[in-house]
Amino acid sequence: MIKKTLISLFLLQLCALYAETITFPILGFKTVPKEPIMLDVPWEEKWFGEKSAFVYHHDIARIACVFSEMSYIEDVEEHPTTNVIYRSYKALGIDDENILFHYDIKYTDPLGDNQSGVSFAHKKIQSALGEKVLVFCIVRGTPRNANEWVSNVNVSDSTHTAQDFHEGFFIAADQLYKELIAYLEFRGIDKQDCFLLITGHSRGAAVANMLGAIIANSGVLDTEKVYVYTFGTPNTTTESDCHSDKYGFIYNIESVEDLCATLPSNRYNWNYKKYGKTKTLVSRWSSDEDTFENNYVNRMNVYLNRFILRDYKPFRIGPFFPSQISRLFVILNPSVRSFYEGPLELHDKCVFTFSLVFPDTPRAKKKSPSLFGKAMFGVLNSMTNGAFGYANVAVFDMHMCEVYLSWYMALSEEELFQEAPSSQIVFSGSFNAVITDSKGREVITIKDGLSSFDAITPPAAAMSLMGKTVVGLSGIEDYTVEIMHNSLLPSPMSLKVEHYAGDGTFIGSGKRIYFAPKYNKVYSFRAGRKTAEDFDIHFDITDKSEASKSAQKLPSALSPLLSASISTDGNLQGELGIDVGVRAAYLSAFFARDTLSFGIASQQNVWWRLYADEGIYVKRDFIEDTFTPQARFSLSYKPLHTVKFFASSLFDLPTLSPTFRFGVKL
């Protein structure tokens with residue numbers, strides 16, 4: 001680790017030795033300090049023309065990220081000659097008359113919400129090909145207003161069906177293309193012999209991506225000299241040839257954990273992608289734990305702390321979180337039309353929400369959360385063992401441009417871009433399972449077909465969603481999955497393997513495998529590296545006594561049992577109960593208004609999530625001052641980890657006089 005750090009520092013110093021260093025004033029969407037953070041960044045005019053724009057250039061990409069970060073400025077009209085982009089253009093030696101801002105957008109124009117702020121600038125440089133003109137086109141990300149957020153969800157407002165392009169991004173990009181050509185022609189810049197740097201983050205990245213595609217299709221500019229670098233880029237097109245060679249000068253830089261870079265979804269009927277090539281930042285799923293946590297993250301935190309005054313909070317579970325959001329999204333909205341016209345009318349709800357979140361002022365004022373909001377946050381955070389609170393921060397960190405810039409400043413190109421394929425296993429049914437890593441550590445435990453946050457250890461991931469449990473595993477590590485279900489009748493279950501590319505893109509899935517685990521048998525298979533390479537699953541079936549220690553701890557007749565219940569009979573007479581022991585034999589007591597019943601019972605899993613309990617009790621009637629033996633039988637259904645709905649029959653002995661009760665156990 002120390003050796004790699006020293007090599008990286010040496011390369012950065014070597015770069016600085018042969019390149020000029022420019023001090024840029026950094027302010028972005030999420031920067032915390034009110035005054036600009038002064039950042040020294042290498043700069044060299046001869047980078048342009050060193051390679052074709054179709055070849056990735058790390059130093060140019062870093063400069064692009066710097067400008068993407070600054071694109072969110074909100075004081076252009078108030079401070080046209082002191083804002084951070086203007087000052088950065090001036091630091092590069094660009095004259096005032098060669099700087100143009102278009103941030104004063106009138107959303108009442110015919111284009112409506114589908115517009116983007118942009119700045120243009122140009123200067124003559126001594127490139128690797130001699131004296132040329134370098135033109136900057138910096139596209140602003142989504143500002144703090146409802147208008148451009150509405151444009152972000154304009155997938156297809158005009159037709160409500162999937163088109164070749166995301167409508168909101170395309171309209172904005174088409175307008176910027178016209179502005180760009182007008183800028184070049186008005187200033188007499190040779191369109192075939194100038195260098196062009198186009199960049200943006202988030203919405204700005206999507207519009208820049210579309211702008212690059214329009215340029216490629218127009219043939220007006222020499223794309224060998226057009227450098228397009230986008231950061232956190234949403235999907236922009238459904239065109240099948242969007243990755244063809246003619247778009248190879250467009251580079252999309254993404255975090256594999258970035259949700260925004262996966263929307264609109266590429267799954268099933270949506271099938272949205274982006275133009276050009278994608279390069280994926282290093283993550284815990286593409287790097288070993290020690291190198292990622294103690295080397296890479298520590299180094300990038302040096303920069304991120306300057307921007308947002310705290311450390312980076314990654315999910316550490318690769319593309320798992322974005323892919324589950326995408327999975328849920330396409331379940332609720334199977335097509336673009338259903339996004340607009342389906343039962344949820346999600347598009348209209350998004351538009352309405354934006355109108356509430358963003359007031360009619362240039363900058364939204366932060367509101368303190370309500371007492372109810374704070375209480376709900378605390379409950380959810382407690383229920384998820386702190387995961388909800390962490391995720392509430394990580395969901396912003398995965399996309400913010402400050403994080404992208406910190407990575408670029410901290411790591412070399414070799415360190416920054418590391419990707420690995422991954423897999424997700426989709427389970428259906430009621431079963432128990434444990435997943436262990438190569439060191440034998442339990443990383444995921446599943447009970448009754450359901451996962452819980454306190455039984456998951458990243459980088460492994462799991463989530464129960466819409467009747468299924470999805471497990472996500474990195475393709476660079478080895479895991480063992482062990483499955484069992486000790487029901488009296490074999491309970492059917494199924495699983496299938498899904499493959500994801502190194503950038504988190506869903507590739508496809510294998511055939512669903514159906515089986516029913518037999519009593520006291522453990523079904524195990526290799527996963528992680530193995531399932532990232534192969535859809536097929538090969539089970540090893542053993543007796544539970546021969547399985548791993550982790551598998552032997554899965555629920556059985558000797559598993560602890562502690563529950564409380566509340567029930568009522570046909571006369572609405574309530575009863576409280578408590579059970580303590582193990583499934584094979586537990587002590588039980590029931591409290592009604594005038595009676596107390598206590599005894600011993602046992603529980604068996606009959607089939608799937610159905611359980612049967614039977615027991616012998618003694619009922620003490622305080623009014624009649626009597627003791628009566630009882631037999632109790634109940635059948636319960638367990639939809640959640642800690643919840644059972646049950647129906648029970650009580651028989652007084654020896655008369656067999658029955659009483660029926662219905663209730664819930666927790």
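The values are calculated or read from the model by the stated rules, or taken from the named source; none is laboratory data. Since this is a predicted model, take the numbers as computed values, not measurements. Positions of Cβ are backbone-derived with ideal geometry, glycine not excepted, and every protein chain shown enters the neighbour counts. All accessible areas refer to the heavy atoms of the entire protein, side chains included, with ligands and DNA or RNA removed. Shrake-Rupley method; radii C 1.70, N 1.55, O 1.52, S 1.80 Å.
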For S559: the one exception among (1) at pLDDT 90 or above; (2) surrounded by 14 or more Cβ atoms within 10 Å (Cβ to Cβ); (3) out of contact with any Ser or Thr (no Cβ under 6 Å at 6 or more places or on another chain): (1)
Members of region 259-275 found to be part of a loop (DSSP other than H, G, I, E, B) and of a type in the set (D, E, K, R), listed by number: R267, K274
Selection count where residues are in contact with a Ser or Thr (Cβ under 9 Å, 6 or more places away or on another chain), closer than 20 Å to G502 by Cα and open to solvent by less than 10 Å² (accessible area, probe 1.4 Å), scope region 398-414: 5
Residues located in region 218-258, provided they are polar (S, T, N, Q) and in a loop (DSSP other than H, G, I, E, B): T233, N235, T236, T238, S240, S244, S255
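For region 210-233, which positions are of a type outside the set (F, W, Y), under 25 Å from I181 (Cβ atoms) and within 22 Å of the chain's Cα centre (by Cα)?
Within region 210-233, the subset of a type outside the set (F, W, Y) is 210-226, 228, 230, 232-233.
Among the residues that remain, those that are also under 25 Å from I181 (Cβ atoms) are: 210-226, 228, 230, 233.
Within region 210-233, T230, T233 qualify.
From the list S265, S287, S255, which residue is at negative phi, under 14 Å from the mean Cα position of the chain (by Cα) and open to solvent by less than 10 Å² (accessible area, probe 1.4 Å)?
Working: S287 fails: under 14 Å from the mean Cα position of the chain (by Cα); S255 fails: open to solvent by less than 10 Å² (accessible area, probe 1.4 Å).
None of the other options fit; the residue is S265.
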Matching entry among I541, I600 (being within 16 Å of S649 (Cα to Cα) and open to solvent by 40 Å² or more (accessible area, probe 1.4 Å)): I600
Residues of region 447-463 that turn out to be open to solvent by less than 30 Å² (accessible area, probe 1.4 Å) and touching a Leu at 6+ places or on another chain (Cβ under 9 Å), as a count: 5
Pair list, Cβ under 9 Å, 6 or more apart: region 215-242 residue within 13 Å of V135 (Cβ to Cβ), other residue in a loop (DSSP other than H, G, I, E, B) and hydroxyl-bearing (S, T, Y): K225/S52; V228/Y275
Pair list, Cβ under 6 Å, 6 or more apart: region 435-455 residue of a type in the set (K, R), other residue part of a strand (DSSP E or B) and open to solvent by less than 50 Å² (accessible area, probe 1.4 Å): K447/N432
Sole exception among (1) under 17 Å from Q630 (Cβ atoms); (2) in a loop (DSSP other than H, G, I, E, B) for K511, by number: (1)
Residue in region 567-583 that is assigned to a strand (DSSP E or B), modelled with pLDDT of 90 or more, open to solvent by less than 60 Å² (accessible area, probe 1.4 Å) and on the phi > 0 side of the Ramachandran plot present: yes
Residue in region 103-114 that is farther than 18 Å from F24 by Cβ, crowded, with 20+ Cβ neighbours inside 10 Å and either in contact (Cβ under 8 Å) with a residue 40 or more places away in the chain or of a type in the set (S, T, N, Q) (or both) present: yes
Those residues of region 167-200 which are open to solvent by 10 Å² or more (accessible area, probe 1.4 Å), among the aliphatic types (A, V, I, L, M) and in contact (Cβ under 8 Å) with a residue 60 or more places away in the chain, in sequence order: I171, I189
Complete set of residues in region 338-352 that are assigned to a helix (DSSP H, G or I), farther than 10 Å from H160 by Cβ and of a type in the set (D, E, K, R): D348, K349
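Is it true that S127 is closer than 21 Å to F186 by Cα and small (G, A, S)?
Values: closer than 21 Å to F186 by Cα: no; small (G, A, S): yes.
The answer is no for S127.
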Failed criterion for F329 (all others in (1) assigned to a helix (DSSP H, G or I); (2) crowded, with 20+ Cβ neighbours inside 10 Å hold): (2)
Filter pass, G502 being crowded, with 21+ Cβ neighbours inside 10 Å and within 24 Å of L332 (Cβ to Cβ): no
Residues satisfying the stated conditions in region 611-631, i.e. more than 56 Å from the chain's Cα centre (by Cα) and either closer than 18 Å to F662 by Cβ or of a type in the set (K, R) (or both): R620
Every residue from region 647-663 that is modelled with pLDDT of 85 or more and either open to solvent by less than 50 Å² (accessible area, probe 1.4 Å) or of a type outside the set (A, V, I, L, M) (or both): A647, S648, S649, L650, F651, D652, P658, T659, F660, R661, F662, G663
Tally, over region 240-275, of residues that are in contact with a helix residue (DSSP H, G or I) (Cβ under 6 Å, 6 or more places away or on another chain), closer than 25 Å to A410 by Cβ and small (G, A, S): 0
S634 among the polar types (S, T, N, Q), over 41 Å from the mean Cα position of the chain (by Cα) and exposed (fewer than 15 other Cβ atoms within 10 Å of the Cβ): no
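Return the residue satisfying two criteria in turn: it lies in region 446-485 and is among the polar types (S, T, N, Q) and within 17 Å of P639 (Cα to Cα), and of such residues it is modelled with the lowest pLDDT. Walk me through it before giving the result.
Taking region 446-485 as the starting set, the residues that turn out to be among the polar types (S, T, N, Q) are 451-452, 457, 464, 469, 474, 480.
Within this subset, residues satisfying the condition of being within 17 Å of P639 (Cα to Cα) are 451-452, 464, 469.
On the way: S451: 87, S452: 81, S464: 89, T469: 94.
Checking each candidate, the answer is S452.
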Selection from region 59-74 of residues that are under 15 Å from H399 (Cα atoms) and either among the acidic types (D, E) or free of Cβ contacts under 8 Å to residues at least 12 places away in the same chain (or both): E69
Tabulated pairs, region 282-298, first in contact (Cβ under 8 Å) with a residue 12 or more places away in the chain, second open to solvent by 20 Å² or more (accessible area, probe 1.4 Å) and of a type in the set (D, E, K, R), C-beta under 7 angstrom, 6+ apart or interchain: R284/R316; S286/E419; N295/K4
